[in-house]
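Chemist: After the structure tokens below, expect a handful of questions from me.
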Amino acid sequence: MQEYLLHLADNALILGHRLSEWCGHGPALEIDMAMTNISLDLIGQARNLYAYAAELEGQGKTEDDLAYLRDVNGFRNVLLVEQPNGDFAQTIARSFFYDSYNYFYQKALCESHDKQLAAIAEKSLKEVAYHLRWSSEWAIRLGDGTEESKQKMQAAIDDLWSFRGELLTPAAYEIEAAKAGYGVNPLEIKEEVEKKLQEILLEATLDLPADGWMHSGGKTGRHSEHLGFILAEMQFLQRAYPDSTW
Amino acid sequence: MVEQTDTGKRPDNESLNPDELMAKIWQCLSNVSDPEVPVLTVLDLGVVRKIVLKLDGAEFVSEIDDLSTSITSSPPKTPPEKISVLIQITPTYTGCPAMSMIATNIKLELIANGIKDVQVEEILSPAWTTDWMTESGKQKLKEYGIAPPQAKARVEKMLFDVSNVPCPQCNSKNTEMISEFGSTACKSLYRCLDCREPFDYFKCH
């Protein structure tokens, strides 16, 4: 269960960190605030999951130990969430792919037999619903916008398409989690996720790329070089000054 | 916000019966405000869910049930030697940075009222909703210049959904949303098209 919880928490933390990088750089003040709001939700969700993982581990660790003191190969997040922000369209495509998956995932996780995990999902779902609405609306605005915004949005969808496969391909710990009744096998939600994706892309007048070769590895700790750079920045303080507080 | 002064007139909690003591704790909580929206108390917001009062071995529970509070207790015996309190709070939004400050302020308020053994526990389920906000809380929000939540909370909403939020300044419904995400997680940004004032809307959640 530990690895499963870390997978959920790492997804939220790393995407939360990526979105926080937009703070002060958003294309407009309101968008900047939206991205940092979403980032705050995700980091809060990660915190709940890490705290629970640390509690179950029972070795006196805290959520901070799990976030700040593990190295790249200990992380179980999907490769999608560690991809760089790119331009605004790429950030939207990444969020939209993740949110359209995460919304149905959290919905299913509310049925977990594990009381605490179900409670975390119930809480997260309400926030993730905003995230999905936000990224869907922007995908539509940009896709069905000007010639330039459409071209950029389509390019972003095409670029990140090969990272979608990993979301819906279960790792061993997800299969185990679903069997044991505390977690979700992403194949259970595949149909709903694909339907939502097609519905939004159609409204955005964007083309659905053909399914081809898909990236994988993040769920088992084989990451792109980007994660190392994220951790270098995120963990620097705790690594340089262990246990420092303020 | 909380001043700890020892005037020598510290209330004698031991002489109160459980109902009175419970009432006193609720009263204390009504003095603790939200650090980000200081016109609202933690009771207005509905973040306090339950009080568990322990008098020696006996346990008394009081839960907030929408607007009313119910107290279940058995008759008191002798004055208790040990009084301890557990207060369950629930976060508005997962990442809300105000929660730890709220927990600290609750402890300080109770300590100032002579209740020293206080634990504050965060619970997640049932998830907080603006439906739990009190009517007086909504009124106070509006007077403060923040439009209160307009409807029952629901998770599924249409894309590009437009809800007519009345302007807290001039009451006009001719308003538009600037962004669903505002200065804090619980608010959206709006502008009034009549008086031209921008305003915060405490969104339904």
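No lab work stands behind these numbers, since they all come straight from the coordinates. Just so it is clear, the structure is predicted and the values come from calculations on it, not from any experiment. Positions of Cβ are generated from backbone atoms using ideal geometry, with glycine treated the same way; all protein chains shown enter the neighbour counts.
Chemist: Based on alpha-carbon centroids, what's the gap between region A:84-125 and region A:155-223 in Å, whole number please?
Modeler: 12 Å
Chemist: Right, something else. Could you list A:Tyr98, A:Tyr241 in order of exposure, starting from the residue whose Cβ has the fewest other Cβ atoms within 10 Å?
Modeler: Sorted ascending by nearby Cβ count, the order is A:Tyr241, A:Tyr98.
Chemist: Give the cross-link partners of A:Lys179 among the aspartates and glutamates, using a straight C-alpha distance below 16 Å as the criterion and excluding same-chain residues fewer than 8 apart.
Modeler: Partners found: A:Glu3, A:Glu111, A:Asp114, A:Glu188.
Chemist: Can you compute log10 of I(q)/I(0) for region B:130-202 with the Debye formula, treating each Cα as one identical point scatterer, at q = 0.12 Å⁻¹?
Modeler: -0.29
Chemist: Note down, for region B:13-122, the three equivalent ellipsoid semi-axes (square root of 5 times each alpha carbon gyration tensor eigenvalue), biggest first, whole angstrom. Intermediate values should be presented prior to the final figure.
Modeler: Working: eigenvalues 122, 39, 27 Å².
The answer is 25, 14, 12 Å, longest axis first.
Chemist: How much of the calculated P(r) for chain B lies past 32 Å, in percent of all Cα pairs?
Modeler: 27 percent
Chemist: Okay, next question. Report, by chain and number, residues whose modeled amide H sits under 5 Å from the one on B:Phe199, excluding near sequence neighbours (fewer than 5 apart, same chain).
Modeler: It is B:Tyr190, B:Arg191, B:Cys192, by chain and number.
Chemist: Most exposed first by the Cβ proxy, i.e. fewest other Cβ within 10 Å, how do B:Val47, B:Val39, B:Val162 rank?
Modeler: Lowest count first: B:Val162, B:Val39, B:Val47.
Chemist: Whole-Hz ³J(HN,Hα) for each residue in region B:187-199, computed from phi via Karplus 6.51 cos²θ - 1.76 cosθ + 1.60 with θ = phi - 60°, x for glycine and proline: what do you get?
Modeler: 10, 10, 9, 10, 9, 8, 8, 8, 8, 6, 7, x, 8
Chemist: What does DSSP give for the protein assembly as shown in terms of the percent of beta bridges that are antiparallel, rounded to the nearest 5? Intermediate values should be presented prior to the final figure.
Modeler: On the way: 28 of 36 bridges.
Of those bridges, close to 80 percent are antiparallel.
Chemist: Semi-axes of the equivalent ellipsoid of the protein assembly as shown: what are they in whole Å, largest first, if each equals the square root of 5 times a C-alpha gyration tensor eigenvalue? Each step should come with its number before you reach the end.
Modeler: On the way: eigenvalues 341, 159, 74 Å².
In descending order the semi-axes read 41, 28, 19 Å.
Chemist: I'd like the projected area of chain A, averaged over all directions, using the convex hull of its alpha carbons. Report it in nm² with one decimal.
Modeler: In nm², the orientation-averaged hull projection of chain A is 13.0.
Chemist: So what are the three principal axis dimensions of region A:104-246 from its Cα atoms, in whole Å, longest to shortest?
Modeler: Here the spans come out as 51, 40, 32 Å, largest first.
Chemist: Hey, fewest Cβ within 10 Å first, where do A:Ile120, B:Ile83, B:Ile111 land in order?
Modeler: Values: A:Ile120 28, B:Ile83 20, B:Ile111 15.
Going from least to most buried by this count: B:Ile111, B:Ile83, A:Ile120.
Chemist: Once amide H atoms are built 1.01 Å from N in the peptide plane, which residues 5 or more positions from B:Lys50, or in another chain, come under 5 Å H to H?
Modeler: B:Ile64, B:Gln88
Chemist: Under the Karplus relation 6.51 cos²θ - 1.76 cosθ + 1.60, θ = phi - 60°, what is the ordered set of whole-Hz ³J(HN,Hα) values for region A:12-20, x standing for Gly and Pro?
Modeler: Working through the residues one at a time gives 5, 5, 5, 5, x, 5, 4, 5, 5 Hz.
Chemist: Would you mind checking B:Lys157/B:Lys203; A:Lys107/B:Lys107; A:Lys126/B:Lys203 for any pair whose Cα atoms are more than 24 angstrom apart? Numbers along the way, then the final one.
Modeler: Values: B:Lys157/B:Lys203 13 Å; A:Lys107/B:Lys107 35 Å; A:Lys126/B:Lys203 12 Å.
In this structure, A:Lys107/B:Lys107 exceed 24 Å between Cα atoms.
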